[in-house]
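Participant: Sharing a structure with you now.
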């Protein structure tokens, strides 16, 4: 098991992660039809095994993790069966680790949940934060492609305005409605949509 002297997270900018996400979609889902079928991509195109684990979240405070051989994604069983949006994001997040952090994972050589936790604890808080930030950004960029986000946001903004709801006077209410509808279209949580809208400055156009 490597120690924190061996694990150094790469520093990737948001635009670099976007490039990885765009390449991933071009390779595995060139039609770009939404919602992005991340489960089918992971299982049937990438050849990954998706393994539900009872009590994973309760015992280890994580929704999922990836094996060091990059062949298995383990997911909390309740999230797998009862939280479809969260499950989809967990898969996209873990695929992000596979795409962005292949070298780090392949050197870790953990064989079970305990060793995986030891691997995580062996990394400095700063480096672990970078790894998780990368995977989180990748997951959002894959499940919510920018072109669709901009186009659908404009559509719902126009609908809101057609109903005489002012974006300026009713900012929070209007954007909550828009985020909720976008979440349904992309099959993700409203929180994922809100982060994407903010990160890509999509709302700035309507200020």
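The values are calculated or read from the model by the stated rules, or taken from the named source; none is laboratory data. Predicted, not measured: the structure shown is a model, and the values here were computed from it. Methodologically, a virtual Cβ is constructed for each residue, glycine included, from the backbone with ideal geometry; neighbour enumeration extends over all protein chains shown.
Participant: Any residue in the range 173-195 that is farther than 14 Å from residue 144 by Cα, at pLDDT below 85, surrounded by 13 or more Cβ atoms within 10 Å (Cβ to Cβ) and not assigned by TED's automatic domain parsing to the domain that holds residue 137?
Facilitator: no
Participant: Another question about this same structure. With the checklist (1) assigned to a loop (DSSP other than H, G, I, E, B); (2) modelled with pLDDT of 95 or more in hand, flag the one item residue 154 doesn't pass.
Facilitator: (1)
Participant: If you check 115, 132, 103, which single one turns out to be assigned to a helix (DSSP H, G or I), closer than 13 Å to residue 10 by Cα, modelled with pLDDT under 90 and in the same structural domain as residue 62 (by TED's automatic domain parsing)? Spell out the reasoning first.
Facilitator: Values: 115 fails: closer than 13 Å to residue 10 by Cα; 132 fails: modelled with pLDDT under 90.
On inspection, the qualifying residue turns out to be 103.
Participant: Right, next: Can you confirm whether the range 162-171 contains a residue that is part of a helix (DSSP H, G or I) and under 24 Å from the mean Cα position of the chain (by Cα)?
Facilitator: No, there is no match, as no residue in the range 162-171 is part of a helix (DSSP H, G or I) and under 24 Å from the mean Cα position of the chain (by Cα).
Participant: Can you name the number of the only condition in (1) within 20 Å of residue 67 (Cα to Cα); (2) in a loop (DSSP other than H, G, I, E, B); (3) modelled with pLDDT of 95 or more that residue 98 fails?
Facilitator: (2)
Participant: Further question on the same structure: Sort through 80, 28 and tell me the only one that's assigned by TED's automatic domain parsing to the domain that holds residue 115 and either on the phi > 0 side of the Ramachandran plot or buried (at least 22 other Cβ atoms within 10 Å of the Cβ) (or both).
Facilitator: Selected residue: 80, the only one of 80, 28 that is assigned by TED's automatic domain parsing to the domain that holds residue 115 and either on the phi > 0 side of the Ramachandran plot or buried (at least 22 other Cβ atoms within 10 Å of the Cβ) (or both).
Participant: Within the range 118-135, count every residue that is surrounded by fewer than 19 Cβ atoms within 10 Å (Cβ to Cβ) and touching a helix residue (DSSP H, G or I) at 6+ places or on another chain (Cβ under 6 Å).
Facilitator: 0
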